[in-house]
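Student: Submitted below is the structure of interest, expressed as structure tokens.
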Amino acid sequence: MKSGTIPKKKTIVKKKSPVKTVSSKKVADNNYIKSIIDEIANGNLDIKIEKTKGSDPSLLKSIEHMLSRLNSSFREIIISSKLIDQSSSTMNGTAKAMRDNAIGIQQTIGGVISSTEEMRQNMNTVSVSTEELSANMQSIANAAQQSNENIDSIRTSINELTSASNEIAQNTAKATTISKHAMENVTSALSLVSELNEAAQAIDIVTESISEISDQTKLLALNATIEAARAGEMGKGFAVVAREVKDLASQTNTATKDIQSKVSVIHEVARRTSEAITIINDVMHNVNEAITSIAAAAEEQSVTANCIAQNVASTTERIKEMGNSVSEGALAVQDVSKTIHEATMITNSVAKEISSLNHNAISVKADAVSSYAQALEVSSQGSDIKRCLDLIRFPSTLQEDADNIQSQLCRYTIDFDVMIERMNDDHKKIFEYINTCHKRIKEKSENKDLLPVLTELADFTRGHFSREEEAMAQGHYKDLDAQKRAHEK
């Protein structure tokens, strides 16, 4: 055909084909196929195809294959939906628990922040009080030192008082001895005065006798004179003698009166002396009692002074001990103050860390709430899928497989088929190890229970890598080196 020319339209004459009649069997077969397709379209996959009813066995076979593939695919979907439902339910509970725990943690941290702030303030208060206590301890130490000096002065005064008391006691002892000796002398003098009085009384008696004799002598001399006068010349000599006797009697009488006068004076002096000695004796007795009282008081004062001296010495020792204790206490207070300061610094640091932790807890809470919301979304989507699947009728065996499936992390499906049975078995075994580890982690098993499974997984995986590389080498796998490097990682 040349360019630019328009081809002529050919007239096609259709030949009339002969009219064919459709048999009732073929119509029935077509209806059967249509009914199967309608059932599948209406969601019924639990169909058993009877190949003898179709006029086109290959079409029925294709439909059967399609139905098998649909059931196989839906089997995976149902199982996945079941696992999603289980996982979403678990995740929903876990997310809710995480949310509640996050809220509880935030509330706890809030309480800890409040307690930490209160503790920090208390530590600051204790720090200030400790500083005041340290100053007071120093004041007490200074006061104790001053008291010690005052006690030393008191001890010196007490020693002087004790010496004075001892000296007083010695002097009063001497005075007592002298007083007793004086009282003895006074008693002797009183006795002598009494004897003198008795002697004077005896002299009185003698002088009275002499006076009486003198009176009688005078009377006799008078009578002799009278008789001498009567005798006349013969009696003159006798008269002279009588006169001399009379004169002598008169002198004797005068001397006797003089003696009596002197004796009276002696009596008066003796009386006065006796009274004075008696007064002196009473005074000396009182003096002796006073000296005795002074001696007793001096002795008591000496004992008291010694007791005071001992107490002062004990007090001095106690004050020294108190001073030492206060000094040690001051050092301890300084150490406590230093420790409290360090604790305050640590508390402030902890408060900052807790504040930071609180921010993290708030973020964790938000993440937990978000995770819970996402878990609810997953659960809702899983429910949507389940509702959609419930509209489809599946073979009972397929539903039983889904009901018996256990929640797991990795599930071996046809996608992992490498067309080598031995390798497929290894892959299934590895999946079992992984799911076992995942299950124990979910059950919060201890490391000692998890470690053996991980060890077996590592040993089995190394053996699997060797077997896989050997199979790849036998099959001349072109990416063997890359696979080895992947295994080494």
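Student: Among the listed residues Leu480, Leu451, identify the single one that is free of Cβ contacts under 8 Å to residues at least 12 places away in the same chain, of a type in the set (A, V, I, L, M, F, W, C) and over 28 Å from Thr94 (Cα atoms).
Tutor: Step by step, each of Leu480, Leu451 is checked, and only Leu480 is free of Cβ contacts under 8 Å to residues at least 12 places away in the same chain, of a type in the set (A, V, I, L, M, F, W, C) and over 28 Å from Thr94 (Cα atoms).
Student: Which one is surrounded by the most Cβ atoms within 10 Å (Cβ to Cβ) among residues in region 202-242 that are within 22 Å of Asp258 (Cβ to Cβ) and of a type in the set (D, E, K, R)?
Tutor: Ranking the candidates gives Lys218 first.
Student: From the list Arg99, Arg69, exactly one residue is within 60 Å of the chain's Cα centre (by Cα), in a helix (DSSP H, G or I) and at pLDDT 70 or above. Which is it?
Tutor: It is Arg99.
Student: Scan region 457-489 for residues that are within 56 Å of the chain's Cα centre (by Cα) and exposed (fewer than 14 other Cβ atoms within 10 Å of the Cβ) and jot them down.
Tutor: Ala458, Asp459, Lys489
Student: What's the number of the only condition in (1) under 20 Å from the mean Cα position of the chain (by Cα); (2) farther than 21 Å from Ala143 by Cβ that Ala332 fails to meet?
Tutor: (2) is the only condition that Ala332 fails.
Student: Only one of Val283, Val350 is outside the structural domain of Arg155 (by TED's automatic domain parsing) and either without any contact (Cβ under 8 Å) to a residue 12 or more places away in the chain or at negative phi (or both); which?
Tutor: Val283
Student: OK, next. Which of the residues belonging to region 423-440 are of a type in the set (Phe, Trp, Tyr) and closer than 14 Å to Thr455 by Cα?
Tutor: Passing the criteria: only Tyr433.
Student: Right, here's the next one. When residues of region 157-187 are filtered for being in contact with a helix residue (DSSP H, G or I) (Cβ under 8 Å, 6 or more places away or on another chain) and either outside any helix (DSSP H, G or I) or not aliphatic (A, V, I, L, M) (or both), how many remain? Let's see the steps before the verdict.
Tutor: Of the residues in region 157-187, the ones in contact with a helix residue (DSSP H, G or I) (Cβ under 8 Å, 6 or more places away or on another chain) are 158-159, 161-162, 165-166, 168-169, 172-173, 175-176, 179-180, 182-183, 186-187.
Then keep just the ones that are either outside any helix (DSSP H, G or I) or not aliphatic (A, V, I, L, M) (or both); that gives 159, 162, 165-166, 172, 176, 179-180, 187.
Total satisfying the criteria: 9.
Student: For region 44-55, give me each residue that is surrounded by 14 or more Cβ atoms within 10 Å (Cβ to Cβ) and part of a loop (DSSP other than H, G, I, E, B).
Tutor: Correct list: Leu45, Asp46, Ile47, Ile49, Gly54, Ser55.
Student: Another question about this same structure. Which of the residues spanning region 24-39 are within 28 Å of Ile385 (Cβ to Cβ) and either surrounded by 17 or more Cβ atoms within 10 Å (Cβ to Cβ) or not assigned by TED's automatic domain parsing to the domain that holds Ile392 (or both)?
Tutor: Correct list: Ile36 only.
Student: Of all residues in region 436-482 being among the basic types (Lys, Arg) and outside any helix (DSSP H, G or I), which is nearest to Arg411 (Cα to Cα)?
Tutor: Keep residues of region 436-482 that are among the basic types (Lys, Arg), which gives 439-440, 442, 444, 448, 462, 467, 478.
From what is left, the residues that are outside any helix (DSSP H, G or I) are 444, 478.
Details: Lys444: 22, Lys478: 28 Å.
Selected residue: Lys444.
Student: Identify, from the list Lys439, Lys386, the residue that is outside the structural domain of Ile79 (by TED's automatic domain parsing), of a type outside the set (Gly, Ala, Ser) and within 30 Å of Ser72 (Cβ to Cβ).
Tutor: Exactly one residue qualifies, and that residue is Lys439.
Student: For Leu190, work out the one condition from (1) more than 60 Å from the chain's Cα centre (by Cα); (2) surrounded by 12 or more Cβ atoms within 10 Å (Cβ to Cβ); (3) free of Cβ contacts under 8 Å to residues at least 24 places away in the same chain it doesn't fulfil.
Tutor: So the condition that Leu190 fails would be (3).
Student: Here's something else I'd like to know. Test Glu468 against the criterion of being free of Cβ contacts under 8 Å to residues at least 24 places away in the same chain and out of contact with any Ser or Thr (no Cβ under 7 Å at 6 or more places or on another chain), and give yes or no.
Tutor: Taking the combined requirement at face value, the residue does not satisfy it.
Student: Restricting to region 162-177, and then to whatever is over 12 Å from Thr292 (Cα atoms) and surrounded by 18 or more Cβ atoms within 10 Å (Cβ to Cβ), can you tell me which residue is modelled with the highest pLDDT?
Tutor: Thr162
Student: While we're here: Determine, yes or no, whether Ala182 is within 30 Å of Ala276 (Cα to Cα), in the same structural domain as Thr316 (by TED's automatic domain parsing) and surrounded by 14 or more Cβ atoms within 10 Å (Cβ to Cβ).
Tutor: Criteria met by Ala182.
Student: In addition: If I filter region 111-140 down to residues being more than 29 Å from Ser371 (Cα to Cα) and of a type in the set (Val, Ile, Thr), which single residue comes out as farthest from the chain's Cα centre (by Cα)?
Tutor: Ile140
Student: Hey, among Glu131, Glu149, which residue is surrounded by fewer than 12 Cβ atoms within 10 Å (Cβ to Cβ) and modelled with pLDDT under 75?
Tutor: Glu149
Student: Then there's this: Which one is nearest to Met472 (Cα to Cα) among residues in region 398-424 that are surrounded by 12 or more Cβ atoms within 10 Å (Cβ to Cβ) and without any contact (Cβ under 8 Å) to a residue 24 or more places away in the chain?
Tutor: Among those residues, the one meeting the criterion is Val418.
Student: In region 66-107, which residue that is charged (D, E, K, R) and in contact (Cβ under 8 Å) with a residue 60 or more places away in the chain is farthest from Ser356 (Cα to Cα)?
Tutor: Our first condition is that a residue be charged (D, E, K, R); within region 66-107, this holds for 69, 75-76, 82, 85, 96, 99-100.
After this cut, where a residue has to be in contact (Cβ under 8 Å) with a residue 60 or more places away in the chain as well, the list is 75-76, 82, 85, 96, 99.
Values: Arg75: 50, Glu76: 47, Lys82: 41, Asp85: 37, Lys96: 24, Arg99: 19 Å.
Within region 66-107, the match that is farthest from Ser356 (Cα to Cα) is Arg75.
Student: Only one residue in Thr108, Thr94, Thr52 is among the β-branched types (Val, Ile, Thr), within 30 Å of Gln374 (Cα to Cα) and modelled with pLDDT under 80. Which one?
Tutor: On the way: Thr108 fails: modelled with pLDDT under 80; Thr52 fails: within 30 Å of Gln374 (Cα to Cα).
Result of the check over Thr108, Thr94, Thr52: Thr94.
Student: Considering Ile362, Ile340, Ile392, Ile430, which residue is modelled with pLDDT of 80 or more, assigned by TED's automatic domain parsing to the domain that holds Ile78 and of a type in the set (A, V, I, L, M)?
Tutor: Ile362
Student: How many of the residues in region 305-323 are of a type in the set (Gly, Ala, Ser) and modelled with pLDDT of 75 or more?
Tutor: Result for region 305-323: 2.
Student: Taking the stated definitions as given, is Ala270 of a type in the set (A, V, I, L, M), modelled with pLDDT of 80 or more and over 60 Å from the mean Cα position of the chain (by Cα)?
Tutor: So Ala270 fails the test.
The values are calculated or read from the model by the stated rules, or taken from the named source; none is laboratory data. Since the structure is predicted, the reported quantities are computational estimates derived from the model, not experimental observations. Ideal geometry is used to build each Cβ from the backbone, glycine not excepted, and the neighbour counts take in all protein chains shown.
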